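Here the structure is laid out as structure tokens; the discussion comes afterwards.
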Amino acid sequence: MRGLFSKPVLLLLWIQSVYGWMHSKCYIYDNPEDIEYMPDGYCLHSVSKGVTASCQYVTTIKEDFHGVPENINSLCIYMTDGNMGVMSLGFFSRFQDLEFLYIQGCFSQILPIGNSQGLPNLQYMELSGQYAGCCDCHIGPHTFRDLVKLSKLIISGFRLSAMAPDVFNGIPNLRNVSIGNSCVKDLSEILCRLMYIKSLTDLFVDAQEIQTLNQSNCPILNTNESMTPVFNNLTGCSLKFGEITHIEEGALACFKNVTIFESRLKKKQLLQLLLSGIKQIHLLTNTDNEHIDFKSLCNLVFLLSIKRIDFSTNNPIRFSMSSVDLCVGLESIVLTTNHAFHRISQIKWNFISTLKNVEFLFVYDRIENSLDLCSFQKQPITWLTNLVLYLNIQILFSNQFSCLVNLNFLRYNGKLLSNIENYAFLGLTHLEYLDLSNNNITHIHANTFFGLHSLTWLDLRENPLICHIEARSFTHLTSLREVSLGKLNSPLTEPVIKLNLTLIFGDILSQLTHLYITSSMRPMYLIIGSNIESKQNLSLILKGQTVTSADIIFHNLTKLEVLKLLDCKIYSMEGSLTKDLKSLKILDLQIANTYNVLYSFTESLASLKYLVLYELHLFCSCDNAWLTAWAKRNRQVEVILTSIRHIMWDNLTCLSDNGIDTPNFVKYTEANCTTEIDFILFTVTGLGVLFFMLVVFLHNMSGHYLLPLYHITLGWLSEAMRSNTRGRYDYDTFVSYSGKDELWVVEELLPNLEQRGPPFLNLCLHSRDFQLGKDIVENITDSLYRSRHTLCLVSRHYLRSNWCSLELKLATARLQVEQRDILLLVFLEKIPPRWLSAHHRLARLVKTRTYLDWPQDPHQHQAFWDRLWEKLKPPTDV
């Protein structure tokens, strides 16, 4: 590499090539649509537009951001653990287009922008401190005043009492504020810091340490008299507390309407909530160990105009039509019970007939073993559109949901469901989303999903007992776009899980946009028909111990945009795997074993933008040396290294040949795989001159032998290079024959050799396997050296053919070079000795090698084929 930098022109080109590589701690994403497939979690998924930078293991913000482009719109920062000292918002002032800022880290002080040019476009800022406890970070008055466009501010994990009382004052357009985990025990600590934000319309407060709700006043503002907070402009207010033991009358009078109220309230505190000053609650979420008294609960629902309830208890759920009359205004019900000792079913499902405004119903009850939704119902239930069930049910019967004519979403995750009868979902003509994950489903029949004409999304993940999917099980789901299958299994008598996607999906396979497949602990063999071409942009995720025939799987998937291979075993990433993936934009690789990544792997990926490598396990091999340099210099592809063992390329390790040592990969390649440019140029020039002299000499000495000698030499070199691939061949036998004998080849040779097995022979025929448009001599040479044996079918036509003569000449030259038994002769007819004498090469072979005659007696044909097949069959260790 030192020779590279000694040449100014090459140095300039190198500088241009590495321009697209960012700082080693940051990754750049230029398309928000791709972010959902990235491994960076919460922050990235909150981003909505523009160029995004995600920076991890940051120690010093001011120093670690050199190289990050200034035109980013979103910035996600993950600091290393521990207190990171002082942070100034002025550090980000060079990012004038910044709209979204997320910082996860603990600081001792946060300073305002100061005299810098500011952040004129910042609209969203989130500061996330410690998950347990709070950061003692001092934030002074008017720290955020210069953020003139800031509309949403989230602060979590920072001790509120360490901040100035007027810390949020002066932000002109702040509308949405979220305060979480602020280590306060009095709600006044929060409300008094927010009361002067006149533009505030949405408020979220999560204060788990508060146990009593009292009337708020604000002496902390050092005014002459206490003031009661008032929030007249709020349109959305969410309050989340822990276990509240007492609610003082009028404690929440500053909030007329509450969007979400979440806490752990007993029956007494639920009644106190009526006197708290709240007039209306949209969603009431409560966790309690007491029995749910639905008559009292529905009274609360009626008086506070509650639209949604979410209740969790350790006792059985008991309710019926008579107990829910006052709950008629409910639109959503979520009921969860974790009881483990009650064995009696408590739910009378006809309650749904009374609640004719309920659109969403969620019931989690591991003991409940009935689901009698439709047998009692004379009229269809038109109001319920979303249904989620976690019940103790093993079978879904035919017409189980037939009365739910407008159901759009159905999830059943009971863990015990093992059997689905045919036509179980009949009548659900509007169902678009079906989630049957986390069950024990064993079979999927051709009519399991019959009638789901509108279904677009189907999830069957985490069903480890699926051992059989009938043919055409999904072919009638004409609207299906997203499918998740797994964990697939098979009977123990079958060592490999086989799944023919074309057989079970039919033509709809070409219209899928998302396909997720995972196997259990055994290898998985997938088949996609070669005539299937995707009509939509496709995301494909494969997860399993071993996924085989990967290059066949991806054949014709020219519109595949996202591919994830998770926990798969692939021993070499080669170009054959990716040759058809012309549209691939995102590739995630989580390969469980150690492997080689060959440069040809990336050659066909013209549209690739993101390559994500999880837990990279590489061999210490020069075959992999290109990867780090390519990752740093490639301007089009962002290579993301995700690992718990190494966080940057500089400390990437590899596995040595002894299978024990794991040296530093970068240092290994520098020591073993780099070559001086000057030496390469000298060597290439010298060899070129010698080659030119050799060609001239050979031409003068034996010009008429030059062309055959060229092809013989080329074939010999190909074979020598092939020895590095451990003797693998594309064909078992190259068949040299006259075109006039093709009828015998088709009717006799192919049926008795290619169709006999196992193992099955792979023959190379010029009429079938030669590459179109390629020079004939090159086709002959390549095919002959890509085959383990050469079989010459000698006839009178063969002796008259110039092409057959050349094939025999090249085959005998290979025989002389390799000194292996690789040439076989079969005489299709009796050839007079005087005919053979004119063909010296063939005559010598007949005298020195054993050959076969095609028997004229049909009774001897089988013995002939047995003997020939035994000679040509591949060795068992190949």
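The values are calculated or read from the model by the stated rules, or taken from the named source; none is laboratory data. Just so it is clear, the structure is predicted and the values come from calculations on it, not from any experiment. All Cβ positions, even for glycine, are placed from backbone atoms using ideal geometry, and neighbour counts span all protein chains on display. When the accessible area is computed, the model is the full protein with side chains, heavy atoms only, and any ligands, DNA or RNA have been set aside. Shrake-Rupley method; radii C 1.70, N 1.55, O 1.52, S 1.80 Å.
Summary table
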{"item": "Those GluC sites (Glu not before Pro) in the stretch 170-277 that DSSP places in a loop and that have at most 16 other beta carbons within 10 Å", "result": "E209, E225, E248, E249"}
{"item": "Qualifying lysines (Cα of each under 16 Å from Cα of K25; at least 8 residues distant if same chain)", "result": "K62, K632"}
{"item": "Residues with amide H under 5 Å from that of V388, placed H, sequence gap 5 or more", "result": "L361, F362, V363, R411"}
{"item": "Peptide ranges 102-110, 508-516 listed from the most packed, as the mean C-beta count within 10 angstrom indicates", "result": "102-110, 508-516"}
{"item": "Orientation-averaged projected area, Cα convex hull of the chain (nm²)", "result": "49.0 nm²"}
{"item": "Carbon/sulfur fraction of accessible area - the chain, other protein chains in place, 1.4 Å, %", "result": "54 percent"}
{"item": "Per residue, the convex hull volume that the Cα atoms of the stretch 55-192 enclose (Å³)", "result": "95 Å³"}
{"item": "Protection proxy ranking of 812-822, 136-146 - average other beta-carbon atoms within 10 Å, highest first", "result": "136-146, 812-822"}
{"item": "Alpha-carbon centroids, the stretch 389-457 and the stretch 31-79: separation in whole Å", "result": "40 Å"}
{"item": "Calculated from backbone phi, Karplus (6.51, -1.76, 1.60) coupling profile of the stretch 118-124 in Hz, x at Gly/Pro", "result": "x, 10, x, 10, 5, 10, 10"}
{"item": "Acute angle (nearest 10 degrees) that the helix 677-702 long axis makes with the longest principal axis of the chain, alpha-carbon atoms", "result": "30 degrees"}
{"item": "Calculated FRET value between N214 and E494, using beta carbons and R₀ = 56 Å, to 0.05", "result": "0.25"}
{"item": "Reachable lysines, given that their alpha-carbon falls under 22 Å from the alpha-carbon of K149 and they are not under 8 places away in the same chain", "result": "K49, K198"}
{"item": "Per residue, in Å², the accessible surface of the chain once ligands and nucleic acids are set aside, probe 1.4 Å", "result": "47 Å²"}
{"item": "Order of exposure, largest accessible area first, which applies to E829, E70 with probe 1.4 Å", "result": "E70, E829"}
{"item": "For M524, distant residues with modelled amide H under 5 Å away", "result": "I497, T546, V547, T548"}
{"item": "Total charge dipole magnitude, the chain, about the Cα centre, Cβ charges on Lys, Arg, Asp, Glu only, Debye to nearest 20", "result": "1000 debye"}
{"item": "Violating pairs (Cα-Cα greater than 29 angstrom) within the set K579/K740; K543/K579; K830/K871; K240/K307; K267/K356", "result": "K579/K740"}
{"item": "Y595, Y433, Y131, reordered so the largest accessible area comes first (probe 1.4 Å)", "result": "Y131, Y433, Y595"}
{"item": "T337 accessible area, assembled protein chains, probe 1.4 Å, Å²", "result": "0 Å²"}
